[in-house]
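Notes follow the structure.
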Amino acid sequence: DGAKQTLTRELAALADALPSLNDWQSPPDFKAILPVNGLHARVFQTQAAIWRAAGLPALSVARAGPWDSLPLVGLPRHEEAPTLTVDLMQNEYRAAAFNLSSAAAESLVLRLQLDGLPGGRNPPWITVHPVEWTDTRQGQPVAAALPLAPREGAAFRISVHPGLTRQVWLTVHPTNVPAGRHEGRLRLEGPSRTA
């Protein structure tokens, strides 16, 4: 009941603040990447609080179909030890994906590493993309932009905003990899918190 009252008050405050969006001016370097401004971030922080109240951990991890649409609202799935499988031939392109959903109060910054596969740590035949939520002309956000994940030492840097699900897309293109079954480990370290 206490969480429900707090969340109801926050939702009412957000509804009262919505008219201020009409006066909002986008900065010159604006990119339509969610959340687009502070009020928008508060909306997702409220969703993160709902996830916490529902008993979700600070970070939920789940397998994803790389071509499945990603819901913007609702409770995310959480799997204890998800496994990704990619079946492909030499020189073929395939993809695998997993979702990271943050119920934390602040943004999470994670370090991702791929170990145990031919080519050493973070083999060059696998590309990591943190999928970005972007707004569209129709006002319908989509998770479709695939920038390259920034490198941070021997790891990839993945940030996850509170109340948002970040899909991580792996593009797999084996060249000069011996045929056979290869098993590796995807490791997420963190979370470290950032403002």
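Tell me, please, whether a residue that is within 19 Å of Leu186 (Cβ to Cβ), in a loop (DSSP other than H, G, I, E, B) and at pLDDT 90 or above can be found in segment 38-57.
yes
If a residue must be farther than 18 Å from Trp133 by Cβ and open to solvent by less than 70 Å² (accessible area, probe 1.4 Å), how many such residues does segment 28-50 contain?
The total comes to 1.
Applying the selection to segment 4-27, what residues are open to solvent by less than 70 Å² (accessible area, probe 1.4 Å) and among the acidic types (Asp, Glu)?
Listed by number, the list holds a single entry, Glu10.
On the given criteria, is Ala144 open to solvent by 30 Å² or more (accessible area, probe 1.4 Å), under 30 Å from Leu39 (Cβ atoms), outside any loop (DSSP other than H, G, I, E, B) and among the small types (Gly, Ala, Ser)?
It is true that Ala144 is open to solvent by 30 Å² or more (accessible area, probe 1.4 Å), under 30 Å from Leu39 (Cβ atoms), outside any loop (DSSP other than H, G, I, E, B) and among the small types (Gly, Ala, Ser).
Considering (1) among the hydroxyl-bearing types (Ser, Thr, Tyr); (2) outside any helix (DSSP H, G or I); (3) open to solvent by 30 Å² or more (accessible area, probe 1.4 Å), say which one Ser60 fails and leave the rest.
Just one mismatch for Ser60, condition (3).
Hey, can you tell me all the residues within segment 140-195 that are among the small types (Gly, Ala, Ser) and out of contact with any Phe, Trp or Tyr (no Cβ under 6 Å at 6 or more places or on another chain)?
Residues satisfying the conditions are Ala144, Ala145, Gly153, Ala154, Ala155, Ser159, Ala179, Gly180, Gly184, Gly190, Ser192, Ala195.
Suppose we filter segment 5-37 for residues that are in a loop (DSSP other than H, G, I, E, B) and either charged (D, E, K, R) or in contact (Cβ under 8 Å) with a residue 12 or more places away in the chain (or both); how many remain?
Looking only at that region, the number is 8.
If you take the residues in segment 63-85 that are of a type in the set (D, E, K, R) and assigned to a loop (DSSP other than H, G, I, E, B), which one is most open to solvent (accessible area, probe 1.4 Å)?
Within segment 63-85, the match that is most open to solvent (accessible area, probe 1.4 Å) is Glu80.
Could you count how many residues in segment 86-109 are of a type in the set (Ser, Thr, Tyr) and open to solvent by less than 10 Å² (accessible area, probe 1.4 Å)?
The number of residues fulfilling the criteria is 2.
Taking segment 112-126 as the region of interest, how many residues are surrounded by 16 or more Cβ atoms within 10 Å (Cβ to Cβ) and either within 24 Å of Thr46 (Cα to Cα) or touching a Ser or Thr at 6+ places or on another chain (Cβ under 8 Å) (or both)?
Summing the residues that are surrounded by 16 or more Cβ atoms within 10 Å (Cβ to Cβ) and either within 24 Å of Thr46 (Cα to Cα) or touching a Ser or Thr at 6+ places or on another chain (Cβ under 8 Å) (or both) in segment 112-126 gives 1.
With (1) in a strand (DSSP E or B); (2) farther than 21 Å from Phe30 by Cα; (3) open to solvent by 30 Å² or more (accessible area, probe 1.4 Å) as the list, and Ser159 as the residue in question, which single condition is left unmet?
(2)
For segment 162-175: of the residues being outside any strand (DSSP E or B) and of a type outside the set (A, V, I, L, M), which is nearest to Ala48 (Cα to Cα)?
That would be Gly163.
The values are calculated or read from the model by the stated rules, or taken from the named source; none is laboratory data. Small disclaimer: the values here were computed from a predicted structure and weren't measured. Reconstructed Cβ throughout: ideal geometry from the backbone, glycine too, with neighbour counts over all protein chains shown. Heads up: the accessible areas ignore ligands, DNA and RNA and are worked out on the full protein's heavy atoms, side chains in. Shrake-Rupley method; radii C 1.70, N 1.55, O 1.52, S 1.80 Å.
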